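A short write-up of the structure that comes next.
The values are calculated or read from the model by the stated rules, or taken from the named source; none is laboratory data. Owing to the predicted nature of the structure, the values given are computational and were not obtained by experimental measurement. Cβ coordinates were reconstructed from backbone atoms using ideal geometry, including for glycine residues, and neighbour counts include every protein chain displayed. Surface areas here come from the heavy atoms of the whole protein model, side chains and all, with no ligands, DNA or RNA. Shrake-Rupley method; radii C 1.70, N 1.55, O 1.52, S 1.80 Å.
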Amino acid sequence: MIALYILSFIFIISPFFPATGNPHWFFRTPDFIRLQSIFVEIVLLVLLILFEDKFTILSWSITTALVVVIIYQMVKVFPYSHFYPRKKPNYPSKGCISILAANVLQTNTNYKQFESLIEQYNADIVITMESNKDWELGLEQIESKYPYSVKIPKENFYGMHLYSKSKPKNVTINYLVDEETPSIFLEYPVSETRNIFIAILHPAPPSPTENETSIDRDAELMLIGKEIEKKDMPVVVCGDMNDVVWSRTTRLFKKMTSMVDPRVGRGFFSTYHAGYFFMRFPLDHLFHTKDLFVKKMVRTPNFGSDHFGMYYEIHLKKNDSTPSTSQLNGDEKEEVSEIIDKASD
């Protein structure tokens, strides 16, 4: 029972680590494993009830704490489950673009398998992350159908490529936080008279093998949020963000930009790790302004990467010009500034 008590104690306190605001990977990891830890906590609760011979103050305290932490975590993840009530996105459409976005895994060589997905979904825009020169050469076949491209081959697992059927406008390659992690900004026609601003990003995650803290990742999202605040047009942000949608940083970004997460009420769409069903997290995201809606959202089959790809059909609402205004309060604005300043330092 002592081992059960110790394990219970670990899973009681660790879900609250992200709330401390500490950017170290050790304190951010519990955000990623909330779905898995809920399962473990339920198992621990059942074991306590079954095997505790005589409940003491200690065992009652642990049991109560497990119930509280399960509820706490379920409240955080519930909006991204199928059970959360939502309106079906079936507005009149004034135009549509489709995006196939995938972290292809630099060491993955299944180029033909990914080409088959490109042919299957026939998206207007194809985005690859972790794509190096080998991937660039491996996807040369699609350039007859996707004549416009932005190519940033890198060998550091942060390369990025974009292929499109129509010519994008005002394309810029940015290194918002450091010179190793690019992002792409562009405008793309969604109708004869409107363009969508699209930001594609792949920040480095907090981990013991990469960035020790989440400072750079958090700052990149905040900097893109500030860029979006300047835009007077529909906006889409997508990519492998190496963060979960219920994290403090992502929620700050959503409040800052008033953007919509189309995952709400549809499911978790856990994209990583494609090889281990019991250790999957929703890391690949798309957010959009309120004058757009996502009618179709699909996780692709596995093509050899450690991520699944995501396919989206994004529509321009016919009768909606809702402006995106920040919903941050004073303390939250100060928090955003502090996040950016830490990365600058």
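Considering only the stretch 1-28, how many residues are of a type in the set (S, T, N, Q), open to solvent by 40 Å² or more (accessible area, probe 1.4 Å) and either in contact with a Phe, Trp or Tyr (Cβ under 9 Å, 6 or more places away or on another chain) or part of a helix (DSSP H, G or I) (or both)?
Selection size over the stretch 1-28: 1.
For Pro205, indicate whether it is within 17 Å of Ile127 (Cβ to Cβ) and surrounded by fewer than 24 Cβ atoms within 10 Å (Cβ to Cβ). Please lay out each step first, then the result.
On the way: within 17 Å of Ile127 (Cβ to Cβ): no; surrounded by fewer than 24 Cβ atoms within 10 Å (Cβ to Cβ): yes.
No, not satisfied.
State which residue pairs qualify: first residue within 13 Å of Lys94 (Cα to Cα) and of a type in the set (Lys, Arg) and inside the stretch 188-205, second residue modelled with pLDDT of 90 or more and open to solvent by less than 30 Å² (accessible area, probe 1.4 Å) in any location, beta carbons under 7 Å apart, and separation of 6 or more residues or different chains.
From the stretch 188-205, the pairs are Arg194/Gly95; Arg194/Pro234; Arg194/Leu316.
Taking into account only those residues within the stretch 29-47 that are in a helix (DSSP H, G or I) and among the β-branched types (Val, Ile, Thr), which is surrounded by the most Cβ atoms within 10 Å (Cβ to Cβ)?
Within the stretch 29-47, the match that is surrounded by the most Cβ atoms within 10 Å (Cβ to Cβ) is Ile38.
Just to be sure I understand, how many residues within the stretch 232-258 are part of a strand (DSSP E or B) and of a type in the set (A, V, I, L, M, F, W, C)? Before you say what the answer is, go through the steps one by one.
The initial filter retains those residues of the stretch 232-258 that are part of a strand (DSSP E or B), namely 235-240.
When the remaining residues are screened for being of a type in the set (A, V, I, L, M, F, W, C), the result is 235-238.
Adding up the residues that qualify gives 4.
Whether any residue in the stretch 246-253 is farther than 18 Å from Pro79 by Cβ, of a type in the set (Gly, Ala, Ser) and either open to solvent by 10 Å² or more (accessible area, probe 1.4 Å) or within 13 Å of the chain's Cα centre (by Cα) (or both) is what I want to check.
Within the stretch 246-253, the first condition is being farther than 18 Å from Pro79 by Cβ, and the residues that meet it are none.
No.
If Gln73 satisfies every condition in (1) in contact (Cβ under 8 Å) with a residue 12 or more places away in the chain; (2) surrounded by fewer than 17 Cβ atoms within 10 Å (Cβ to Cβ); (3) in contact with a helix residue (DSSP H, G or I) (Cβ under 9 Å, 6 or more places away or on another chain) but one, which is the exception?
(2)
Restricting attention to the stretch 305-332, report how many residues are open to solvent by 40 Å² or more (accessible area, probe 1.4 Å) and modelled with pLDDT of 85 or more.
Summing the residues that are open to solvent by 40 Å² or more (accessible area, probe 1.4 Å) and modelled with pLDDT of 85 or more in the stretch 305-332 gives 1.
Only one of (1) out of contact with any helix residue (DSSP H, G or I) (no Cβ under 8 Å at 6 or more places or on another chain); (2) in a helix (DSSP H, G or I) is not met by Phe277, so which one is it?
Unmet for Phe277, out of (1) out of contact with any helix residue (DSSP H, G or I) (no Cβ under 8 Å at 6 or more places or on another chain); (2) in a helix (DSSP H, G or I): (2).
For the stretch 102-141, what are the residues that are among the small types (Gly, Ala, Ser) and open to solvent by 10 Å² or more (accessible area, probe 1.4 Å)? Spell out the reasoning first.
Initial filter on the stretch 102-141 (among the small types (Gly, Ala, Ser)): 102, 116, 123, 131, 138.
Correct list: Ser116, Gly138.
Please find, among Thr250, Thr213, Thr257, Thr289, the residue that is under 17 Å from Asp31 (Cβ atoms) and touching a residue at least 40 places away in the same chain (Cβ under 8 Å).
Only one candidate qualifies: Thr213.
Select from the stretch 273-300 the residues that are hydroxyl-bearing (Ser, Thr, Tyr), modelled with pLDDT of 95 or more and open to solvent by 10 Å² or more (accessible area, probe 1.4 Å) and list them in ascending order.
Scanning the stretch 273-300 gives no hits.
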